[in-house]
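What follows is one structure encoded as structure tokens, with my remarks underneath.
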Amino acid sequence: MPSSDYYFKEDYTIVPKPRAVVYRDRNNQRKLMRLNELHKFSDGTLTRVIEKLDQMVKDFHLFEYNKGMETRKWSEDDKRRSKDFITAIEKRLQIRRIYRSLESFVGAG
């Protein structure tokens, strides 16, 4: 997939190749968050993306969040990919919390 093709995807859509999610940053610009590059994103960005994906997984209605896709039903693959992305982001955030905790422990001595 050429890098510009994600501009035609709706926000918070999981792109299978490369494994990524389309999201909007704080400046309302469309960005691509690749699964293998989660370490590059801030905790705040990861948290915003995970919250939006979590809402979508729980509601099971993609059209409520992406008005341009009203006629498209959210497939089981969409749900599974979103859950996989949520799991990966949660693991990344947990690792960061552990490192911060260890740094404060070691730094306190």
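When the residues of the range 5-56 are filtered to those that are basic (Lys, Arg) and closer than 23 Å to Arg96 by Cβ, the one that is farthest from the chain's Cα centre (by Cα) is Arg26. Can you list residue pairs whose Cβ atoms sit under 8 Å apart, with the first residue in the range 83-105 being within 26 Å of Ile14 (Cα to Cα) and the second being among the acidic types (Asp, Glu) and assigned to a helix (DSSP H, G or I)? Count only pairs 6 or more apart in sequence or on different chains. Final answer for the pair search is Ile86/Asp54; Leu93/Asp43; Arg96/Asp43. Note on the range 1-41: residues that are loosely packed, with under 14 Cβ neighbours inside 10 Å and either at pLDDT 90 or above or not hydrophobic (A, V, I, L, M, F, W, C) (or both) total 18. Pairs meeting the criteria (first residue in the range 38-57 and within 13 Å of Phe85 (Cα to Cα) and in contact (Cβ under 8 Å) with a residue 40 or more places away in the chain, second residue in a helix (DSSP H, G or I) and polar (S, T, N, Q), beta carbons under 7 Å, at least 6 apart or on different chains) are Leu53/Ser82; Met56/Ser82. Of all positions in the range 66-78, at least one carries a residue that is touching a strand residue (DSSP E or B) at 6+ places or on another chain (Cβ under 9 Å) and either modelled with pLDDT under 85 or surrounded by fewer than 11 Cβ atoms within 10 Å (Cβ to Cβ) (or both).
The values are calculated or read from the model by the stated rules, or taken from the named source; none is laboratory data. Keep in mind the model is a prediction, meaning the values are calculated, not measured. Every residue, glycine as well, gets a Cβ built from its backbone with ideal geometry; the counts of neighbours run over all protein chains shown.
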